Amino acid sequence: MGPDTSRTAIYAAFGGSRRKLQLTLGCIGELERICTAGIGEIQLRLAGHRFYAADLRETIRLGLIGGGEDLAGAEALMRFNFDQQPLATHLQLAADLLSAAVAGVEPEGNGVTERSDAPATSPSGTAPAA
């Protein structure tokens, strides 16, 4: 059994299917090399809309590879689903992928629902009728 990597994986629609995307440590190193910036700097460039096209494209391509797609499949998906679209179309996906790699995410399907500190019922605002 391999290590649990679910805390850094996201699932998103891309190329007509719901896919697992994940920036593994090796993918992060490759991303930093290609973009000539650290992962934090890439995040800042995306957040400040000062990104390069490679910041978006390579984040998603390497996320597909880290999520299990082979090299040729990832490149084909990028060619037909990224290269033909406006860059802003993919900004949120790239940002989510970087955020998951840095800060983690809740694993999908863990059975945990959002918890609220609010009481199950709230007191009535009117007095009962006499």
Seminar exercise, completed: Of Gly66, Gly38, the only residue that is in contact (Cβ under 8 Å) with a residue 12 or more places away in the chain and either of a type outside the set (D, E, K, R) or closer than 11 Å to Leu98 by Cβ (or both) is Gly66
Exercise. Only one of (1) free of Cβ contacts under 8 Å to residues at least 24 places away in the same chain; (2) not in a helix (DSSP H, G or I) is not met by Leu21, so which one is it?
Worked result: (1)
Exercise. Looking at this structure, is Arg18 surrounded by 16 or more Cβ atoms within 10 Å (Cβ to Cβ), touching a Phe, Trp or Tyr at 6+ places or on another chain (Cβ under 7 Å) and among the basic types (Lys, Arg)?
Worked result: no
Problem set entry | Condition check for Ala13: part of a strand (DSSP E or B) and free of Cβ contacts under 8 Å to residues at least 24 places away in the same chain | yes
Exercise. Counting just the residues of the stretch 28-51 that are of a type in the set (D, E, K, R) and loosely packed, with under 12 Cβ neighbours inside 10 Å, which one comes out nearest to Gln92 (Cα to Cα)?
Worked result: Arg50
Seminar exercise, completed: Across the stretch 41-63, the tally of residues that are without any contact (Cβ under 8 Å) to a residue 12 or more places away in the chain and among the aliphatic types (A, V, I, L, M) stands at 1
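Just so you know, all these numbers are worked out from the coordinates, no wet-lab data involved. Note that the structure is a prediction, hence the values are computed from the model and not measured. Neighbour counts are summed over all protein chains in view; Cβ atoms, including those assigned to glycine, are modelled from backbone coordinates with ideal geometry.
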